[in-house]
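Structure, as structure tokens:
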Amino acid sequence: MKKLEVVVGHLYPDYLNIYADRGNMAVLERRAAWRGIGFDYRGIGMDDPLVPGEHDLLYIGGGQDREQALVAADLAEKGEALREAVAGGAAVLAVCGGYQLLGRFYRDRSGTDLPGVGLLPLHTVAGERRMIGDVLLECELAPGSPRPLAGFENHAGRTILDEGAQPLGRVVAGFGNDGQSGYEGCRAGRVVGTYLHGPLLPRNAWFADWVLAQALARRLGEPPELEPLPDALEDSAQQVSAARARARGGRYS
Amino acid sequence: MRLGLEIAVARAAGRLSRLAGRGGGTTLPGKILATIDPAALGALAGRLPLGSALVSATNGKTTTAAIVAEILGGRIRLAHNRAGANLVSGVASALLSQRDAELGLFEVDEGAFPDVARRVQPQAVCLGNLFRDQLDRYGELELIAERWRAAAAELPPDAWVAANVDDPLVAAIVRGRERALCFGLDDPRVAREGLPHAADSKYCVVCGTPNAYAAAYVGHLGDWRCPGCGLERPPLDVAAHDIELDGLSGAAFDLATPQGTRRVEVALPGLYNVYNAVAAASLALVLGANLAEISAGLGRFRAAFGRFERIQAGDRGVLLLLVKNPAGANEVVRTIVSGGAPRVVVIALNDDIADGRDVSWIWDVDYEPLLEGLERVVVTGSRAQELALRLKYGGLDPSAIEVVPALEEALDRGLSLTSPGGELVVLPTYTAMLALRGIAAGRGLVRQYWEAAA
């Protein structure tokens, strides 16, 4: 039998990597390998084509404003291919700046709207003060079994979900999408966007496995039940991070 | 209140802080003075007969300022914030405690540089480098560079700026300035193969094209050129040639200056310390030192506390190497490994404000070369578990990782894993370094940082 593998396309690894996105990649790769699943990593740079159907998971991270502006136009050109990839079953994980770029538009300080990819039903408006600090969410990706997600956020943009859009989680401590709604991130099928970095996946092992399973679902028809791994270290890191968020998350600096 | 009375109140507070065991009183007097009279800093600095010099950088400012003090301190009385208190309050405190000083020599936090420069009106400034550091505290790199540009433009026209033009962001600040002394490294033999992972400032400051490097030395510092618009590193006025790195012992190089060239040796390891030495030499030059004084001072200098400090603990040694951001950490790892990869290491990660509350930076550090010879690593500090994950997902066998959050316990565990006569390598973040030195001081192994500063 052919070995199961997952093909991951990392968009703009040279530009959007500010919050240690390679940590997220390392976690997916190791957790796949520990289960005997192959991991094929492919960077997708500024002028590289995005071929729909090639990837099981597409990942996009965050950058400083300058880097984000440099890739925005290129991503807009890749928008149709990206939407086609998702229609074909690919999962997407977008963090921080990448999350904003997946919305319909980003309204900057001058009031100008920069078009986004439109994969997620939301838009983002630049704010005055940055929202910086530890965050703790409660996510219910499988109904009836809430799980904690702990990370760090650092964003000036206020992200506003469309009516009826599904957030990734409820904010227990921290700011979240806009500091007011009480929600963070957005999920539309296998596409997930969030402000949480830190990086996101190492200390949230259950979520790393959820993303991995969503990626594998493109090949298997549905997300597989992944065999559990010894995650004592991951869980204790999550607890420390969650305690940090409860103690000092979500204050304007 | 008159300035004299304000000073007396503020000084008394510093003594009380020490007596109360609340640290060295290295910032409290300045804070009080700044509260009583915000204009006092400028007034105090204005009394210095030889004026002031400021050193700012993301990495190396404490060491650079300390080397300059070693070069000049023999013949000039300095007001120097040696203990690393580098905000407005720390500068004011140094001025208060060294009242007969002739020259102010201040390391300044990169975020506080514009404010301090405006108040102090320095006659010389040394700008070392800008690396990504504590995004949660400073905001993005470009923002700091922009503030530096504005502050440099407001300096008195006769003030000198010694600038590390190997950093494209710093080079942009002195472009077109008459009184600029450009320094950098010039020895492709010691260059890295390319830019490290997640290097900062990879793009041309003018046109956004990725810069090309004839030689990349530390992070994005090197001999750069933009293939898009042709902007390139300006010619060097002061440079290090023929660099020899001797593991953890030190380095030697030819220091080329407008006064001539001289072979110098420093007891500081790693290429990043060659940058610090050249930065200090450049600032000393614009402050009127001659080449003989400079090379003698460089030769005499021993590391600033906690940056590269050897502490004897019974029959074992401890080597403390401060690690606070990816660029600095990568150089520390490279330097340690060049001296022979250690068997045991203690790594400490705190997440206080001075360390950065966002610990994601550890994932941008290339720890991997360190892991090769490693039998055991003790991770410690308030975010020890994150470090453990970083190493686990970096490929280290989890059974080789010990999570010991309490610093003192971790230090003792590391020492117990070190053979008699051996040396334990400890890599702490800033507040962990201070705490570890405090533990060593409590055992009578080192002096407290404010005493060492006296």
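Among helices (runs of 4 or more DSSP H) entirely within segment B:126-193, having at least 2 residues that are without any contact (Cβ under 8 Å) to a residue 12 or more places away in the chain singles out B:141-153. Taking segment B:197-229 as the range and being within 30 Å of residue A:26 (Cα to Cα), β-branched (Val, Ile, Thr) and surrounded by fewer than 17 Cβ atoms within 10 Å (Cβ to Cβ) as the test, only B:209 passes. Across segment A:70-104, the number of residues qualifying as in a loop (DSSP other than H, G, I, E, B) and under 17 Å from residue A:186 (Cα atoms) comes to 5.
Scanning segment A:27-80 for residues that are in contact with a helix residue (DSSP H, G or I) (Cβ under 7 Å, 6 or more places away or on another chain), crowded, with 22+ Cβ neighbours inside 10 Å and within 14 Å of another protein chain (Cβ to nearest Cβ) turns up A:27, A:28, A:31, A:32, A:61, A:62, A:63, A:68. Do we find that residue B:215 is over 30 Å from residue B:353 (Cα atoms), touching a helix residue (DSSP H, G or I) at 6+ places or on another chain (Cβ under 8 Å), more than 14 Å from chain A (Cβ to nearest Cβ) and without any contact (Cβ under 8 Å) to a residue 40 or more places away in the chain in this structure? Spelling it out, residue B:215 is indeed over 30 Å from residue B:353 (Cα atoms), touching a helix residue (DSSP H, G or I) at 6+ places or on another chain (Cβ under 8 Å), more than 14 Å from chain A (Cβ to nearest Cβ) and without any contact (Cβ under 8 Å) to a residue 40 or more places away in the chain.
Those strands (runs of 3 or more DSSP E) of segment A:128-244 in which at least 2 residues are closer than 30 Å to residue A:107 by Cα and within 11 Å of chain B (Cβ to nearest Cβ), considering only elements entirely within it, cover A:147-161. Touching a Gly at 6+ places or on another chain (Cβ under 8 Å) and either of a type in the set (Gly, Ala, Ser) or not assigned by TED's automatic domain parsing to the domain that holds residue B:82 (or both): is that true of residue B:212 in this structure? No. Between B:187, B:158, the distinction of being closer than 24 Å to residue B:255 by Cβ and not hydrophobic (A, V, I, L, M, F, W, C) belongs to B:187 only. Annotation: of all residues in segment B:136-180 being within 17 Å of residue B:206 (Cα to Cα) and small (Gly, Ala, Ser), the one that is nearest to the other protein chains (Cβ to nearest Cβ) is B:145. Being surrounded by fewer than 15 Cβ atoms within 10 Å (Cβ to Cβ) and among the hydroxyl-bearing types (Ser, Thr, Tyr) is the requirement here; does residue B:257 meet it? Spelling it out, it is not the case that residue B:257 is surrounded by fewer than 15 Cβ atoms within 10 Å (Cβ to Cβ) and among the hydroxyl-bearing types (Ser, Thr, Tyr). Once segment A:1-22 is narrowed to residues that are charged (D, E, K, R) and under 30 Å from residue A:221 (Cβ atoms), the residue that is farthest from the other protein chains (Cβ to nearest Cβ) is A:2. With respect to being closer than 28 Å to residue B:378 by Cβ and either touching a Phe, Trp or Tyr at 6+ places or on another chain (Cβ under 9 Å) or of a type outside the set (A, V, I, L, M, F, W, C) (or both), residue B:312 fits the description.
Taking segment B:364-429 and the helices (runs of 4 or more DSSP H) fully enclosed by it, the elements with 1 or more residues that are within 10 Å of chain A (Cβ to nearest Cβ) are at B:384-393.
Of all residues in segment A:133-151, those satisfying the criterion of being in contact (Cβ under 8 Å) with a residue 60 or more places away in the chain and either under 16 Å from residue A:186 (Cβ atoms) or crowded, with 24+ Cβ neighbours inside 10 Å (or both) are A:134, A:135, A:136, A:139, A:141, A:150, A:151.
Could you list all residues from segment B:34-54 that are of a type in the set (A, V, I, L, M, F, W, C) and either within 13 Å of residue B:88 (Cβ to Cβ) or at pLDDT below 90 (or both)? Those that are of a type in the set (A, V, I, L, M, F, W, C) and either within 13 Å of residue B:88 (Cβ to Cβ) or at pLDDT below 90 (or both): B:34, B:36, B:39, B:40, B:41, B:43, B:44, B:45, B:54. Does segment B:163-170 contain any residue that is among the aliphatic types (A, V, I, L, M), closer than 20 Å to residue B:285 by Cα, modelled with pLDDT of 90 or more and touching a Pro at 6+ places or on another chain (Cβ under 7 Å)? Yes: one or more hits. For residue B:293, the criteria (1) in contact with a helix residue (DSSP H, G or I) (Cβ under 7 Å, 6 or more places away or on another chain); (2) free of Cβ contacts under 8 Å to residues at least 60 places away in the same chain; (3) surrounded by fewer than 20 Cβ atoms within 10 Å (Cβ to Cβ) hold in every case but one, which is (2).
The values are calculated or read from the model by the stated rules, or taken from the named source; none is laboratory data. Because the structure is a prediction, the values reported are computed rather than measured. Cβ atoms come from the backbone with ideal geometry, glycine included; neighbour counts cover every protein chain shown.
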